[in-house]
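S.K.: Before anything else, here's the structure in question.
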Amino acid sequence: MDIRIGFGVDVHQLVADRRLVIGGKEIPSDLGALGHSDADVLLHAICDALLGALNLRDIGFHFSDTDPQYKGIDSKILLERTYALIREKGYVLGNMDCTVIAEQPKLNPHIPDMQRIIASILTCETDQISIKATTHEQVDSFGEKRAIKAYAVCLLKK
């Protein structure tokens with residue numbers, strides 16, 4: 001098959017005294033994402049979308065949250081390693097569409113930086129990386145600022 005589609009989703013709890021890193025960029029915030037790595041919800045969803053497109057399992061299979069070597073790791077490194085697996089299989093990114101759900105902080109001003117960071121890792125143009133941000137209108141754990149979620153879908157080409 002010459003094209004493959006993958007879907008990824010990730011969720012992290014928001015807590016005090018943690019950095020908030022989304023799309024490879026640290027975002028000023030009173031709350032940060034809790035996780036074994038830097039807990040970059042967007043990059044984790046992207047990794048899962050890429051891996052899923054080629055039936056390569058998920059991010060936890062490749063980078064276990066029980067493995068001490070990944071404690072506090074920069075998720076940009078995880079994305080680099082994930083994309084290396086994709087390239088080894090002879091595929092490149094066609095395009096990607098992502099959505100981040102967070103009540104606060106406002107993410108729209110940071111999206112161009114996130115696109116540049118991700119595009120540089122995936123060796124593509126920024127217009128191949130769509131990132132949207134939305135809220136949950138103060139409903140459930142996302143709307144109550146207790147969690148953050150990201151979705152990603154990608155198209156890979158042989």
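The values are calculated or read from the model by the stated rules, or taken from the named source; none is laboratory data. All of these numbers come straight from a predicted model, not from anything done at the bench. Using ideal geometry, Cβ is built from the backbone for each residue, glycine included, and neighbour counts are taken over all protein chains shown. In case anyone asks, the SASA skips ligands and DNA or RNA and just uses the protein heavy atoms, side chains included. Shrake-Rupley method; radii C 1.70, N 1.55, O 1.52, S 1.80 Å.
S.K.: Name the residue, out of L79, L93, L122, that is within 15 Å of L43 (Cα to Cα), crowded, with 20+ Cβ neighbours inside 10 Å and more than 14 Å from the chain's Cα centre (by Cα).
M.R.: None of the others qualify; the one that does is L93.
S.K.: What are the residues in the stretch 125-158 that are out of contact with any strand residue (DSSP E or B) (no Cβ under 6 Å at 6 or more places or on another chain), open to solvent by 80 Å² or more (accessible area, probe 1.4 Å) and modelled with pLDDT of 90 or more, if any?
M.R.: Correct list: E125, D127, K158.
S.K.: Here is a check on your reading of the model: is D2 of a type outside the set (S, T, N, Q) and surrounded by 14 or more Cβ atoms within 10 Å (Cβ to Cβ)?
M.R.: Considered against the rule, which asks whether it is of a type outside the set (S, T, N, Q) and surrounded by 14 or more Cβ atoms within 10 Å (Cβ to Cβ), D2 comes out as no.
S.K.: Just to check your reading of the model, which residue among A16, A45, A49, A53 is open to solvent by 50 Å² or more (accessible area, probe 1.4 Å) and of a type in the set (G, A, S)?
M.R.: Selected residue: A16, the only one of A16, A45, A49, A53 that is open to solvent by 50 Å² or more (accessible area, probe 1.4 Å) and of a type in the set (G, A, S).
S.K.: Restricting the search to the stretch 116-140, which residues are touching a residue at least 40 places away in the same chain (Cβ under 8 Å) and outside any loop (DSSP other than H, G, I, E, B)?
M.R.: Once the filter is applied, which keeps residues that are touching a residue at least 40 places away in the same chain (Cβ under 8 Å) and outside any loop (DSSP other than H, G, I, E, B), the stretch 116-140 yields I117, I118, I121, I131.
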